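The values are calculated or read from the model by the stated rules, or taken from the named source; none is laboratory data. Keep in mind that what you see is a predicted model, and the values were worked out from it rather than measured. Because the Cβ atoms are built from the backbone with ideal geometry, glycine has one as well, and the counts that use them run over all protein chains shown. These area figures cover heavy atoms from the full protein model, side chains too; ligands, DNA and RNA do not enter into them. Shrake-Rupley method; radii C 1.70, N 1.55, O 1.52, S 1.80 Å.
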Amino acid sequence: MASGQAVEQELLKILRHGGLDRENLAALVKIVAGFSDKGLNHIKVFPKGIPPVYESLEVKSVVEASRLVSLLSIILAEAAVSSVIVFPYGVPVYDVAEVVVGLGPTPVAGPAAIREAGE
């Protein structure tokens with residue numbers, strides 16, 4: 001069994017009672033498993049939303065500086081990515097960086113955001 005399949009099965013087992021819609025959960029877990037296959041290791045996955053309705057996932061990982069650019073290009077190529085936060089650790093040159101990826105629908109807040117989304 002490939003490691004991506006193992007990650008996918010484990011996440012489905014853990015998150016199936018998290019309040020996410022089954023189809024949405026399966027699609028998001030496939031994306032996380034794909035990230036794991038491509039080198040995003042030591043991941044932590046959290047459901048995001050207002051309980052009891054969760055709509056998306058948040059994936060956290062620590063990445064070596066040498067692999068950061070290649071992993072970011074893989075992450076940003078995915079259409080379901082709603083946010084990416086990178087926090088480097090190390091002064092003056094960073095050795096590792098924490099990467100936080102939001103997966104799922106992009107939240108739209110207020111009339112200004114709706115107007116911008118429509119343009």
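Couple of notes before you dig in:
- Set Asn24, Asn41: member being among the polar types (S, T, N, Q) and touching a residue at least 24 places away in the same chain (Cβ under 8 Å): Asn24
- Single residue of segment 90-105 satisfying the filter (open to solvent by 100 Å² or more (accessible area, probe 1.4 Å) and not aliphatic (A, V, I, L, M)) that is nearest to Ser61 (Cα to Cα): Asp95
- All positions within segment 64-82 that are over 19 Å from Leu11 (Cβ atoms) and of a type outside the set (D, E, K, R): Ala65, Ser66, Leu68, Val69, Ser70, Leu72, Ser73, Leu76, Ala77, Ala79
- Top-ranked residue in segment 1-19 [being of a type outside the set (S, T, N, Q) and touching a Ser or Thr at 6+ places or on another chain (Cβ under 8 Å); ranked as surrounded by the fewest Cβ atoms within 10 Å (Cβ to Cβ)]: Gly4
- Residues of segment 46-64 that are open to solvent by 30 Å² or more (accessible area, probe 1.4 Å) and among the hydrophobic types (A, V, I, L, M, F, W, C): Phe46, Ile50, Val53, Val62.
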